[in-house]
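What follows is one structure encoded as structure tokens, with my remarks underneath.
None of the figures in this text is laboratory data; all of them are computed from the coordinates on show. Since this is a predicted model, take the numbers as computed values, not measurements. Backbone-built Cβ (ideal geometry, glycine too); neighbour counts: all protein chains shown.
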Amino acid sequence: MLTELRFRVTVNTDNRLMSDVSVTSEMAALVDTFGYGWADLQWFAVNAMKSSFIGFDERLALINDVIKPGYAALLA
């Protein structure tokens, strides 16, 4: 519901060393549980970068130069 309302939903790990999870395993669980696709996962990744604690220019560069091209290759 939050994604449909366009909230800035992100995927995160919670104490990954203790719970033995990774961002990959968390995203795989979302795919298995809710049927999300690559476009949804890209949206989560972009949201996470928009919410990160680095400078705006660095965030924008990572979104445009790394995240979007990476997912575009998967979606092609």
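Quick one: net charge around Thr13, please, counting Lys, Arg +1 and Asp, Glu -1 for every other residue with C-beta under 12 Å from its C-beta.
My count for the surroundings of Thr13 gives -2.
Report the label-to-label distance for Thr3 and Leu30 in nanometres (one decimal), using points 7 Å from each Cα along the Cα→Cβ vector.
The modelled label-to-label distance comes out at 0.6 nm.
Once fully extended, how much extra length lies between Val21 and Ala76, figured as 0.36 nm per residue of separation less the alpha-carbon to alpha-carbon distance?
Stretched out fully, the Val21 to Ala76 stretch lengthens by 16.9 nm.
Sequence gap at least 6, Cα distance under 8 Å: using those rules, report the relative contact order of the chain to the nearest whole percent.
Relative contact order for the chain comes out at 28 percent.
Along each of its three principal axes, how wide is the spread of alpha-carbon positions in the chain, in whole angstrom units, largest first?
Sorted from largest, the Cα extents of the chain read 32, 30, 26 Å.
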